[in-house]
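Notes for the one structure printed next.
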Amino acid sequence: MKNYLKHHEWHIIEEGFDPRVHRISESLFSLGNGRMGQRANFEEHYSGEMHQGSYVAGVYYPDKTRVGWWKNGYPEYFAKVLNAPSWIGIHIAFGKQTLDLAKCKVTGFKRVLDMKQGLLHRVFTATFPDGKKVRVDARRFCSMADGEVGAIRYAITPLNFSGTATITLPVDADVVNKDSNYDEKFWNEVANEAKSGLAIVTAETKKTFFHVTTGMTYAVHTGGKRSKPASVKATKKEKYADNVITVKLGKEQETVVYKYAVVLSSENHAKPKMMAAAKKKLAAASAKGFEKLFAEHAAVWAHKWEECDITIEGDIAAQQGIRFNIFQLTQTYTGEDERLNIGPKGFTGEKYGGSTYWDTEAYCLPFYLGTADQSVARNLLVYRYKHLKRAIENARKLGFTEGAALYPMVTMNGEECHNEWEITFEEIHRNGAIAYAIFDYIRYTGDETYLSDHGLEVLIGISRFWSQRVNWSADKQKYVMLGVTGPNEYENNVNNNWYTNTIAAWTLDYTRYALDYVRKADESKFAKIIAKAKLTDAEPARWKDIIDKMYYPVDKGRGVFLQQDGFLDKELLTVHDLRPQDRPLNQKWSWDRILRSCFIKQADVLQGLYFFEERFDKETIKRNFDFYEPMTVHESSLSPCVHVILACKIGYEEKAYEMYLRTARLDLDDYNNDTEDGCHITSMAGTWVSVIKGFGGMTIHHGQLHFAPHLPKQWNGYSFRLEFRGRVIKVRVTKQGADVILESGEPLTVVVHGREVALRTIR
Ligand code: BGC
């Protein structure tokens, strides 16, 4: 755990330059706008330890899988999110001396991420080896008003000399991925152009043939007025174009370089027109200028915050944490483009390949249900509907038949593309999360039409998979499920993972309900779906048999569900038995040792108790929580949020608060020593859920919204807003009690602490 950032309600602040945490800061201070984004790399050249990363949504490369010994069923490739052409460079030199924070003496360094306005701001003073001193003030944003535009205001002031600076303003597509299986470069050049005031490159990804056009223009201002560089040289080479300008800098006089950039993707533009479209857009951006572009961008942020801010009074660390989570989530996925999804690292790093995981359904969906128009959550479900054919194909490759669908654990386009056989391949529980998301969406929105439009087909495919994946155990006289990995990835190839068996049987049950519902609601659609899926009467009958006779491992003595068969054979230690130097286990222990230990990476049985909480009484939840939580190392970011929700339910206030800080500040305080690879974007939705469903006690029963709010004793109050079935509801909790206010929409009756409350707007 680290603690080098200042606590502030709206800002992330780093004071003093410490190269040892630079890669962590590059992740934390990342910028994005749903279409593109980049790590907080410096504009000026930096020769120290860093991770260059710019990303364009939806652009990936299928890197051929590399394994020791190929086995049938391995996915052909592991998708890589691509480090895309970079537009942020502003390289400064005085003669032969380059401004490089790894080589200069740095004082007064301050890096601020203004989350309210989406601005990355950095100031520092650098002293060159020959004693020259310059002050720099750099501001950068990726426009939320136009996802293809970014801008930088880079101000430089010589403090003890006058001189000529050579400033290189590149667009660089000659970039490498840190994560690449064969150390190859993933971009080819299509076109590039460099002339005075313009540098532009169109690059194409190998194999996937995405085109990305990245262009830049600039303006120089001295003493507040536009000035002409003393000279301009436009150069280009393969995959690269720039302008090198020389500018006379006066002692103690601020010179500002404005750099405007556009990034266009062939996902949104016709390839032959991209160079022209980029030039037009660049001209428009520079005509508007930095201040106007920024005002438009900040206005979008103001609106976003109005929709989804959570306020926490009396605890700045907690407030900063939740805003950081909401900020990063909002930068990553805006919900406007149904082809896109939420990569676990967003635009902050390469790990997890930018692909879609079960994280979207299990953790992110509630955030978009609660903070955005219903269509955003629906789009996330439709994304999977569109991949149904491929899910059937994925299952077929593994030997399943008759339309059984296995959704991928990791995907870009519906195909499985993970690179870890034992862990990811056997995590078939993700199929359950995709079914659960349909239920979750309908439970929240009441939009049952989704079942006949798309949902039922998906449920049939998934149910067929479960039905073929279980087998009858003559010994147990039950259906069992062998060779799986549950959500706790620190166990592989186990039998009868309680969570997986539970969600499988639940899916079968829900599919039977959905069949019945659509049959009654829309006979002709029902007939079409049945004909398309070729569903026989025998199938739902078999599903019923599986539901009735599914095997669930339990420990009757302790009154707990067992994570899997044989769990009790383990040496049952607790996290307190671990030495600090053993943590995180995944960096310190051999995999063999991890697998034999009882230590749990993330909520597993508890994940099931969270999903199906209405089935379990408090005592059951408590017994399981008391048994599993002490063994849980939370080395998946997705773990603590589930623990907050359950801890709130069973009245473990201190634990809930501890887990809240852990989920909300996971990256800010680098709990798992891995933030340098990027931020944990999908678990940030879990943080939001932990406030709404944990402290706010929000649940839905029979279409009715329930709250059971309580206030952690460390807080003076908190508030959040929810979109719910065309209404906006505000919940404000203080030491005096909870107010639930209908801000807009039709009257509604909600239940607060078990009592019905009729809400209407104040006119
Ligand atoms: C977690 C998985 C998750 C993946 C991507 C892993 O560390 O264990 O549950 O899907 O990260 O976030």
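The values are calculated or read from the model by the stated rules, or taken from the named source; none is laboratory data. Fair warning: this is a prediction, and the values are worked out from it, not measured in the lab. When we count neighbours, we look across all protein chains shown, and the Cβ atoms used for this are built from the backbone with ideal geometry, even at glycine.
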query: From the residues in segment 256-284 that are basic (Lys, Arg) and touching a Leu at 6+ places or on another chain (Cβ under 8 Å), which one is surrounded by the most Cβ atoms within 10 Å (Cβ to Cβ)?
result: LYS259
- prompt: So which residues in segment 738-762 are in contact with a Pro (Cβ under 9 Å, 6 or more places away or on another chain) and at pLDDT below 95?
  reply: ARG760, THR761
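Yes/no matrix, rows are residues, columns are (1) touching a residue at least 12 places away in the same chain (Cβ under 8 Å); (2) more than 30 Å from PHE439 (Cα to Cα); (3) hydrophobic (A, V, I, L, M, F, W, C); (4) assigned to a helix (DSSP H, G or I):
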{"site": "LEU572", "(1), (2), (3), (4)": "yes, yes, yes, no"}
{"site": "HIS576", "(1), (2), (3), (4)": "yes, yes, no, yes"}
{"site": "ASP592", "(1), (2), (3), (4)": "no, yes, no, yes"}
{"site": "CYS598", "(1), (2), (3), (4)": "yes, yes, yes, no"}
{"site": "GLN602", "(1), (2), (3), (4)": "yes, no, no, no"}
{"site": "TYR610", "(1), (2), (3), (4)": "yes, no, no, yes"}
{"site": "ARG623", "(1), (2), (3), (4)": "yes, no, no, yes"}
{"site": "SER637", "(1), (2), (3), (4)": "yes, no, no, no"}
{"site": "HIS643", "(1), (2), (3), (4)": "yes, no, no, yes"}
message: Exactly one of these conditions fails for ALA685: (1) under 14 Å from VAL644 (Cβ atoms); (2) away from the ligand (no atom under 16 Å from the Cβ). Give me its number.
response: (2)
message: I need the full set of residues from segment 434-471 which are within 16 Å of the ligand (Cβ to nearest atom) and crowded, with 24+ Cβ neighbours inside 10 Å, in order please.
response: ILE434, ALA437
Selected residue [out of contact with any Asp or Glu (no Cβ under 9 Å at 6 or more places or on another chain) and within 24 Å of LYS273 (Cβ to Cβ)] from LEU198, LEU249: LEU198
Residues being in contact with a strand residue (DSSP E or B) (Cβ under 9 Å, 6 or more places away or on another chain) and either more than 22 Å from GLY346 (Cα to Cα) or outside any loop (DSSP other than H, G, I, E, B) (or both) - total across segment 302-314: 7
message: Show the residue pairs meeting these rules: Cβ distance below 8 Å; 6+ apart or different chains; first residue within segment 261-276 and under 20 Å from ASN413 (Cα atoms); second residue part of a helix (DSSP H, G or I).
response: SER266/MET274; HIS269/ALA277
Flag for ASP183 being without any contact (Cβ under 8 Å) to a residue 12 or more places away in the chain and out of contact with any Pro (no Cβ under 8 Å at 6 or more places or on another chain): yes
- request: Quick one: which residue in GLY703, GLY651, GLY754, GLY697 is touching a residue at least 60 places away in the same chain (Cβ under 8 Å) and more than 30 Å from ALA40 (Cα to Cα)?
  value: GLY703
query: Among the residues of segment 578-590, which ones are among the aliphatic types (A, V, I, L, M) and outside any loop (DSSP other than H, G, I, E, B)?
result: LEU585
- line: Of all helices (runs of 4 or more DSSP H) fully inside segment 322-410, the set with 1 or more residues that are among the aliphatic types (A, V, I, L, M), touching a Phe, Trp or Tyr at 6+ places or on another chain (Cβ under 8 Å) and within 16 Å of the ligand (Cβ to nearest atom) is 365-371, 374-386
- prompt: What's the number of the condition SER27 fails, among (1) crowded, with 20+ Cβ neighbours inside 10 Å; (2) in contact with a Lys or Arg (Cβ under 7 Å, 6 or more places away or on another chain); (3) modelled with pLDDT under 95?
  reply: (3)
- line: Just one listed residue, out of ILE312, ILE316, ILE342, is surrounded by fewer than 23 Cβ atoms within 10 Å (Cβ to Cβ) and β-branched (Val, Ile, Thr), and it is ILE316
Residue that is within 29 Å of the chain's Cα centre (by Cα), within 16 Å of the ligand (Cβ to nearest atom) and charged (D, E, K, R), where the choices are ASP604, ASP582: ASP604
task: Scan segment 51-77 residue by residue and report those that are touching a Pro at 6+ places or on another chain (Cβ under 8 Å), outside any loop (DSSP other than H, G, I, E, B) and closer than 26 Å to TRP421 by Cβ.
output: TYR77
- request: Evaluate segment 691-701: report whether one residue or more is within 18 Å of the chain's Cα centre (by Cα) and within 16 Å of the ligand (Cβ to nearest atom).
  value: no
message: Taking the conditions exactly as written (touching a Leu at 6+ places or on another chain (Cβ under 8 Å) and not aromatic (Phe, Trp, Tyr)), does GLY95 satisfy them or not?
response: no
task: Kindly establish whether ALA287 is more than 16 Å from ARG226 (Cβ to Cβ) and either in contact with a Cys (Cβ under 7 Å, 6 or more places away or on another chain) or not in a strand (DSSP E or B) (or both).
output: no
- prompt: Can you spot a residue in segment 468-476 that is out of contact with any Ser or Thr (no Cβ under 8 Å at 6 or more places or on another chain) and part of a helix (DSSP H, G or I)?
  reply: yes
- request: Filter segment 485-509 down to residues that are of a type in the set (Phe, Trp, Tyr), surrounded by 23 or more Cβ atoms within 10 Å (Cβ to Cβ) and assigned to a helix (DSSP H, G or I) and give me whichever is nearest to the chain's Cα centre (by Cα).
  value: TYR499
